[in-house]
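In what follows, a structure is listed as structure tokens, so that the remarks can point back to it.
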Amino acid sequence: MAPPTCRLYLITPPRLDDLAAFGHALAQALDAGDVAALQIRLKDVPDEIVAAAVDALSPIAQARGVAVILNDRPDLAARLGCDGVHVGQEDTPYREARRIMGPDRMVGVTCHDSRHLAMEAAEAGADYVAFGAFFPTTTKDPKTRADPEILTIWQETMETPCVAIGGVTVETARGLAKAGADFVAVSAGVWNHPDGPAAAVKAFNAEMAAGVAER
């Protein structure tokens, strides 16, 4: 049986006004340490803006073995060649997202603070479930606050990987990894880190590895 791990799941900033500059920052961040996935999350913008972001960022991520996941839009994710899609409870239902994406690409599901929603998603075939928000966040207005115990219970009872999301910083990532997160999803905690995104990725990986060691 493989030893447990906890990996970083990056989410783009809410706005990407300069794709070239962000692409440079992304490359530096991904080169700084282990990153499992990059979620491109751009809300309330035209499809062509989303497509431009995917076209610019996917090669940077995929060349480094990082999965590209589009938020909300399985139709665009499938058309643009993303590795997966992430859907919320108010977005495209899981089964429809799976139909659009096909059997070989990832579909992840937001489950807030609900093990019931997560079990439904896992039993339907979701590739991962996301719990949160665990901490206050300025990236979005969270509907729920989750307790790290939900990660521990999930890890003990279910095999589908779980993602911890919501206001995660370098200082709080260790506790989530210790509690049982398979992935820690971070946006502002990396892109707004005072020492820059590359330093943030290194710090997150060190703290998460320490958390896993404490399980």
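Every read-out reported here was derived from the displayed coordinates using simple, explicitly stated rules and does not represent laboratory data. Because the structure is predicted, anything quoted here is derived from the model rather than measured. Quick reminder, even Gly has a Cβ in these numbers, built from the backbone with ideal geometry, and neighbours come from all protein chains shown.
Annotations for the structure displayed:
- Dipole magnitude of region 7-213, debye to nearest 20 (Cβ charges: Lys/Arg +1, Asp/Glu -1, about Cα centre): 120
- Subtracting the Cα-Cα distance of LYS202 and ARG15 from 0.36 nm times their residue separation leaves 64.9 nm of extension gain.
- Sorted on the mean count of surrounding Cβ atoms within 10 Å across their residues, most packed first, peptides 63-69, 36-42 read 36-42, 63-69.
- Those aspartates and glutamates that a straight Cα-Cα span of less than 16 Å connects to LYS143, excepting residues fewer than 8 apart in one chain: GLU90, ASP91, ASP113
- Residue order for SER114, SER58, fewest other beta carbons within 10 angstrom first, comes to SER114, SER58.
- Relative contact order %, the chain, counting alpha carbon pairs below 8 Å whose residues are six or more apart: 21
- Under 12 Å from the Cα of LYS178 - aspartates and glutamates, other chains or at least 8 residues apart: GLU149, GLU207, GLU214
- Cβ-based exposure ranking for HIS86, HIS193, HIS24, HIS116, in which fewest neighbours within 10 Å come first: HIS116, HIS24, HIS193, HIS86
- Most fluctuating residue given options MET106, MET158, MET119, as computed from a GNM of the chain linking Cα atoms under 10 Å: MET158
- Each of GLU171 and GLU123 was given a label point 7 Å from its Cα along the Cα-to-Cβ line. The distance between the two points is 4.1 nm.
- Per-residue extension of 0.36 nm, minus the Cα-Cα distance of GLU159 and GLU96, leaves a gain of 20.4 nm for this segment.
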